[in-house]
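The values are calculated or read from the model by the stated rules, or taken from the named source; none is laboratory data. Quick caveat, the model's predicted, so the values are computed rather than measured. Cβ placement follows ideal geometry from the backbone for every residue including glycine, while neighbour counts extend to all protein chains displayed.
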């Protein structure tokens, strides 16, 4: 079967990563196995040199490695300095399993506590150093020099860092600048191709051809997301490359280019809404010069995308200027759509105009980010519960792992603590899944190492060559959904620690002891997680679903309150933040074993996430349309403002009903169970929740869901009045000419109408899925959302 371009790209990436990892490990092995005696005297722990290599060089660029040098130095200052003082005070001869575990746990707590100010790589290196310093100090006892022993650990770390830098320079340096430049170029081409595919699907009369174009665009959309993640991943590394190598600074690489290209996704998602809905575009709207005009608009948008991506652009002569043709095409849009069936056509053009506007304008979101970063931060903030809990969990996990590992096998006790240390993650993880892939990765890596030692027992240099195919395999593991980065790194470390070892005794015995010690460490981590993090991911996903509905409620309320553009953007950003958290915890809950709990309804939560994301998109489109209308209405007469107020009333009616429904869904999804609600009602006296009494201030679900259709009818009528009124104002009753962009008004009002219609449909979808979620949590109860909402309001009014 012929390999796709994506497959070839993955092979190239994995081969490059495996080559540089193997090369760095070869440098470490050559220095420790064949180097001069003074290297072996100072680099006493080559195993940690290999671990440092894996932590730094995995999928790294030269900028990452240079940053890794600084992070390793910072980590060494955090761990080695305090360890020297501690060993001096306690005395290595007086160390016991208990005091060693306690000292390591306290040191780990101090390292992890500044959760947001220290890079994850620095924390992992520091934690690994802490394990080696204290546990090996305990193993050797009185033979341990309290000063030279920590310094030898630091020297072992330094050797790994130097090997990484050398490996990234041979044969040619891999630059983050080049990665960002190439990914930005591919992302710009990706967006351009998707615009063409959407336009092709929009203009064609062949349904099968349109479906094929949409399918191709969806594949490209997934690729686009990965390209953006690549840009985001390597942009911080560019700064480190520019410090010593300013001559390599590409003038056409903008640090914010990825953000600008990513901001175009909202317009592309809107275009996909139209072409993926399979709603036929009336042929009357695509007749005559309209198709030619659309092609000219497409070319103009593509030129704008290339300009935003700093790509070479062809010279445009006045005769072929697409802007002129664009204006001529849009000038035909002088009337508000007569029926809802015409709205997709106008909304598609609105998205094209929005795409061009985004490419030409500065990102307002960046301003919001700057304001957020400028907020005053206090050192005391690092001591809140969100910062203390990860440090407390890691220190306890590490302490228990070192203690139990030392009790099982004192000479190999540090192998129980090292997996816990070098795999530390600041964020919450799917505990059982991550522990499972770490254990599997360690086992298969260790087994491969034992087999390599057996086959190449007398050929040490060939053993290092056998690491190359394994690093290639581990690179693929890191990119797989089954193992991820945790499993891939564990597999790489498991093999290199055996194939790069010397004088450790029989490889099979060492492998078995290491696997057991690793199991002890991971078991301690799981135990601590279950004690301090008893809340299941399924429950957190349910809570995050409720928070998402609350954010939707706030966002809808702002539209009805005539909030500023900055406030609307901030509310939309908050909504998307909660949706991202919902997606993360939904995936974690799906990977989490159910045990004796009810199975998690993953499919329904996934559908809810998609519908809420689409609702967020529609509200964002509405915000853009309102902003465009506001620009057109700034200099208009009071008559124009009065006409626009009719549209505001329609939007308030819609957003009001959406807000009430979102509030009700928030309260319903917060319920522990329907039985608990019934018990609470039974305990409360003189509470009436009867729907027929009409005393409870609660939205009628059936009425609210069908209301957008009624709003749409009146909305289109008001839109015609708005357009007529604004165009009459243009004529100037007082003789003064007032310029009005008629096409802008028509497109914005039509886009709002399209959003009104789609929001109504999504509301019905969300209601059905909320009902399904509640039903799955209460399988023996009859679910009536209106009735449940009335009971909740009557109980807590």
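What to note about this one:
- All positions within the stretch 379-407 that are in a helix (DSSP H, G or I), surrounded by fewer than 16 Cβ atoms within 10 Å (Cβ to Cβ) and modelled with pLDDT under 90: 379, 380, 381, 383, 385, 386, 388, 389
- So residue 552, is it in the same structural domain as residue 765 (by TED's automatic domain parsing), within 25 Å of residue 657 (Cα to Cα) and within 18 Å of the chain's Cα centre (by Cα): no
- Within the set 421, 416, 492, the sole residue that is more than 20 Å from residue 111 (Cβ to Cβ), part of a helix (DSSP H, G or I) and assigned by TED's automatic domain parsing to the domain that holds residue 137 turns out to be 492.
Per-residue answers, yes or no, for (1) under 24 Å from the mean Cα position of the chain (by Cα); (2) within 30 Å of residue 52 (Cα to Cα):
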{"site": "174", "(1), (2)": "no, yes"}
{"site": "181", "(1), (2)": "yes, yes"}
{"site": "190", "(1), (2)": "yes, no"}
{"site": "207", "(1), (2)": "no, no"}
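- Any chance residue 532 is at pLDDT 85 or above, surrounded by fewer than 22 Cβ atoms within 10 Å (Cβ to Cβ) and closer than 20 Å to residue 423 by Cα: no
- Of the helices (runs of 4 or more DSSP H) lying entirely inside the stretch 1-115, those containing at least 2 residues that are without any contact (Cβ under 8 Å) to a residue 12 or more places away in the chain and under 35 Å from the mean Cα position of the chain (by Cα) span 5-33, 62-90.
- Flag for residue 172 being in a helix (DSSP H, G or I) and surrounded by fewer than 24 Cβ atoms within 10 Å (Cβ to Cβ): no
- Residue check, residue 181 within 30 Å of residue 59 (Cβ to Cβ) and not assigned by TED's automatic domain parsing to the domain that holds residue 44: yes
- Unique match (being at pLDDT below 70 and either farther than 16 Å from residue 337 by Cα or buried (at least 17 other Cβ atoms within 10 Å of the Cβ) (or both)) among 291, 278, 257: 257
- Evaluating residue 702 against the criteria (1) in a loop (DSSP other than H, G, I, E, B); (2) modelled with pLDDT under 80; (3) farther than 29 Å from residue 624 by Cβ leaves one unmet condition, (1).
- Count of the stretch 193-217 residues, restricted to those that are within 17 Å of residue 262 (Cβ to Cβ) and either surrounded by fewer than 18 Cβ atoms within 10 Å (Cβ to Cβ) or in contact with a strand residue (DSSP E or B) (Cβ under 7 Å, 6 or more places away or on another chain) (or both), is 1.
- Verdict on residue 445 being at positive phi, assigned by TED's automatic domain parsing to the domain that holds residue 49 and either at pLDDT 85 or above or outside any helix (DSSP H, G or I) (or both): no
- Verdict on residue 150 being closer than 29 Å to residue 21 by Cβ, part of a helix (DSSP H, G or I) and either free of Cβ contacts under 8 Å to residues at least 12 places away in the same chain or over 33 Å from the mean Cα position of the chain (by Cα) (or both): yes
- For the stretch 454-484, a residue qualifies if it is farther than 16 Å from residue 22 by Cα, modelled with pLDDT under 80 and in contact with a helix residue (DSSP H, G or I) (Cβ under 8 Å, 6 or more places away or on another chain), and the qualifying residues are 454, 456.
- Of the residues examined, residue 91 is one that is surrounded by fewer than 24 Cβ atoms within 10 Å (Cβ to Cβ), in the same structural domain as residue 521 (by TED's automatic domain parsing) and at positive phi.
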